Amino acid sequence: MFKKLVLSAAFAAMAAAAPASASVVFSDNFNGESQGLNYTAFANWTVTQGTVDVIGTGFYDFYPGNGNYVDMDGSTGASGGITTISSFGPANYLLTFDLGGSQRGDPANTVVVSFNNVILQTYTLNSSDPLASESISFTALGAGSLSFTQTNPGDNQGLILDNVVLSIVDTTPAPEPMTLSLFGAGLAAMGLRRRKKA
């Protein structure tokens with residue numbers, strides 16, 4: 001009976017292992033970029049469709065206090081798309097970013113988020129929608145780049161993108177130190193019990 005209780009406690013402690021952890025592999029808040037219309041000099045991105053603007057503090061600042069951000073429809077009438085210069089390998093990922101409406105009274109805009117040309121999610125926001133945090137969990141079976149693409153016809157007023165973070169998620173839970181201690185204590189107790197019987 002004692003042995004069963006010790007084993008039950010040990011397995012229960014192991015089941016309470018730490019949740020999955022995440023390590024950031026890419027992060028960009030666009031604050032390191034110069035502001036400009038029809039911007040192409042990104043440090044971490046390539047403009048792969050149409051044009052985009054880098055706007056923000058003191059320059060078409062529709063979300064004061066958020067530094068620089070990207071208007072996904074530049075100033076040429078061609079909706080924009082950006083793709084990371086870096087490629088990321090197979091893994092379980094968590095992608096977070098901020099997305100908001102243009103704040104200029106234009107019709108709703110749509111942005112497609114893709115990895116390795118596979119659509120992860122499509123977002124359609126009204127002009128008045130606030131800048132809000134979004135997240136997507138996905139598994140990449142092969143290497144690829146991350147893309148944000150505005151799909152509707154260009155009117156020079158696009159959704160606003162900011163604070164892009166891509167993290168690898170470790171889905172194998174690691175036992176917490178307390179879990180290992182309880183398991184060790186259980187094994188020691190079993191050893192003492194066995195020694196007494198001998």
Kindly report, to the nearest 10 Å², the accessible surface of Phe59 as traced by a 1.4 Å probe over protein heavy atoms only.
60 Å²
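Of the heavy-atom accessible surface of the stretch 10-168 (probe 1.4 angstrom), what whole percent is carbon and sulfur? All intermediate terms of the calculation are to be shown ahead of the outcome.
On the way: 3590 of 6890 Å².
Within the stretch 10-168, the accessible surface is 52 percent carbon and sulfur.
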Would you tell me the accessible area of Ser23, worked out with a 1.4 angstrom probe on the heavy atoms of the protein chains, in Å² to the nearest 10?
60 Å²
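Arrange the residues Glu33, Glu134 by how much accessible surface each exposes, largest first, with a 1.4 angstrom probe. Don't skip to the end; give the middle numbers.
Details: Glu33 20, Glu134 45 Å².
Ranking Glu33, Glu134 by accessible area, largest first, yields Glu134, Glu33.
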Which value, in Å² rounded to 10, gives the accessible area of Val164 with a 1.4 Å probe and all protein chains present?
0 Å²
Averaged over all viewing directions, the convex hull of the alpha carbons in the stretch 105-178 casts a projected area in nm² of 7.2 nm²
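The values are calculated or read from the model by the stated rules, or taken from the named source; none is laboratory data. Everything numeric here is computed off the predicted structure, so don't read it as measured data. Ligands, DNA and RNA are excluded from the accessible area calculation, which covers all protein heavy atoms including side chains. Shrake-Rupley method; radii C 1.70, N 1.55, O 1.52, S 1.80 Å.
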